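Student: Before anything else, here's the structure in question.
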Amino acid sequence: MLDNVTYRYVYISLSQYVPVSNMPNASHQATPVSRRPFGQKYAFVVVAVIFVALLSSAGLRATPGVLMLPLQTAFGWNVGVISSSAAVGIFLYGLAGPFAAAVMQRFGIRRTVLGALTLMSASTGASYFMTVPWQLFLTWGLLSGIGSGAVAGVLGATIANRWFTTNRGLVMGLLTASTATGTLIFVPGLAALAEWGGWKPVVLTVAACCAALIPLVYLLVPERPASIGLRSFGSQHDDPAAPAMQGNPFTAALSNLARAARTQTFWFLFATFFICGFTTVGLVSTHLIAFCGDHGIVEVQAASLLALMGLFDLFGTTLSGWLTDRFDPRKLLFLYYGLRGLSLIYLPYSDFSLVSLSAFAVFYGLDWLATVPPTVRIANEAFGDKNAPLVFGWVLAGHQLGAACAACFAGFMRSAQGDYLQAFMIAGATGIVAAVLSLMIGRQPAQPVLATA
């Protein structure tokens with residue numbers, strides 16, 4: 001036992017000392033520490049659990065694309081009504097992000113994620129009983145949007161910053177790839193389930209998957225490395241003690257937005273991520289199955305394209321994280337957005353054959369969420385490790401705002417013009433704009449102007 005007037009360390013194992021007090025009284029009892037296996041590598045256990053949680057959240061958000069045709073058949077609701085409810089969920093999925101980040105700081109990661117998973121399971125399960133459109137908006141729009149928004153990119157950014165000192169880009173790439181993997185796992189199976197039994201088995205399956213994660217998160221996700229007597233992965237020194245966040249987390253989220261909004265970097269990130277959401281989740285995830293249906297491609301085959309995108313995004317986003325640790329993130333964003341815009345412009349003019357659609361799915365999948373690791377790195381450079389998750393939450397809100405706009409816009413264009421041609425062409429043009437904006441982001445880190453409330 002080592003005792004002095006500043007810190008006292010209690011011997012835990014042959015290689016581990018944990019600070020338990022700054023009191024000079026040697027008789028003071030040690031704070032209990034819940035030890036876990038693997039040492040610092042336990043961080044990867046946390047990453048694995050959060051990966052599965054993010055995967056389920058992404059699967060939930062992709063489900064409205066599968067439900068579109070079955071709900072039309074069951075209730076006679078048009079594409080505009082269904083896509084509008086999806087747009088509400090997508091928007092709240094993003095809007096909840098910065099508030100979820102503040103709630104995580106105030107009440108803890110585990111409590112926040114457990115509450116979000118409970119809300120996701122309850123809301124999607126309740127939709128089993130819906131009969132009118134407002135119930136669709138309530139369950140798959142409002143409630144599931146808020147719940148899934150807390151299990152999204154801000155959670156990944158918080159885990160990466162809190163549990164890792166090195167390899168953050170790679171970890172963020174892996175966690176971001178869970179979104180694609182959620183599509184890979186959920187969409188084809190849910191589409192087959194919808195063809196077999198309609199929309200009701202689909203919503204029950206999603207609810208059950210969310211509920212199954214609750215005990216997993218409760219048992220395996222500590223609040224931070226120090227909670228189990230560890231340092232963050234790659235750190236050679238004890239992590240600084242985290243000050244308890246005081247005050248209203250919603251006020252904190254809004255005050256952080258006000259301060260971040262004074263910087264040019266924030267608005268460039270917000271604008272490019274708006275376009276990112278416009279060209280991926282809102283347009284392709286929501287409308288690709290219906291777009292393929294216009295060309296005589298059945299739902300399960302179209303859903304397999306989304307699964308193929310998910311498979312290749314798993315590799316593309318992870319590779320993007322590795323590249324982000326080594327290269328200028330602004331140039332990476334320029335490349336990703338530019339190629340994405342060109343591929344969207346190409347798609348309506350393809351022959352929609354198996355070869356051309358497969359090539360589009362592979363290429364688009366590699367680029368799907370590759371933008372996230374460079375965007376998070378720029379936010380870390382500009383606003384600091386502590387504030388970056390909150391700022392990224394607002395940037396992610398821009399992503400989902402763009403996605404919601406695309407979901408409504410493409411549905412409106414399909415209803416008004418009878419096809420998706422103009423919707424995909426306009427989305428492609430926005431990708432080119434985002435590529436140019438990426439190069440305009442300042443290279444010098446901004447001062448971390450944010451403060452907790």
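Student: Rg/Rh for the chain to two decimals, with Rh computed the Kirkwood way over all alpha-carbon pairs.
Tutor: With Rh from the inverse mean 1/r over Cα pairs, Rg/Rh is 1.00.
Student: Taking amide H atoms as placed 1.01 Å from N in the peptide plane, list the residues 5 or more away in sequence, or in a different chain, whose amide H sits under 5 Å from that of PHE233.
Tutor: PHE164, THR165
Student: Fewest Cβ neighbours within 10 Å first, please rank TYR128, TYR364, TYR93 accordingly.
Tutor: TYR128, TYR364, TYR93
Student: Based on the Cα atoms of the stretch 314-376, what semi-axes does the equivalent ellipsoid have, where each is the square root of 5 times one gyration tensor eigenvalue, given in whole Å with the largest first?
Tutor: Largest first, the stretch 314-376 gives 25, 12, 7 Å.
Student: Compute the distance in nm between two label points, each set 7 Å from the Cα along the Cα-to-Cβ direction, one at VAL298 and one at SER353.
Tutor: 2.2 nm
Student: Here's a follow-up. Taking the Cβ of each residue in HIS295, HIS399, HIS237, HIS287 as the centre, tally the other Cβ atoms inside 10 Å and list the residues starting with the fewest.
Tutor: So the residues, fewest neighbours to most, are HIS237, HIS295, HIS287, HIS399.
Student: Also, I was wondering about something else. For the chain, calculate the relative contact order in percent as a whole number, restricting contacts to Cα pairs under 8 Å that are 6 or more residues apart.
Tutor: About 25 percent, as a whole number.
Student: For SER358, SER438, what ranking results if the residue with the fewest other Cβ atoms within 10 Å of its Cβ goes first?
Tutor: Ranked by crowding around the Cβ, least crowded first: SER358, SER438.
Student: Ignoring everything except DSSP H segments at least 4 long, calculate the 222 nm mean residue ellipticity for the chain; use -39,500 (n - 2.57) per segment, divide by total residues, nearest 500. Walk me through the numbers before you get to the answer.
Tutor: Working: 17 runs with 310 residues, N = 453.
The helix contribution divided over the chain gives -23000 deg cm²/dmol.
Computed from the coordinates by the stated procedures, all read-outs in this text should not be read as laboratory data. On a predicted model such as this, the values are computed, not experimentally measured, just so you know. Cβ: placed from backbone, ideal geometry, glycine included. Neighbour counts: every protein chain shown.
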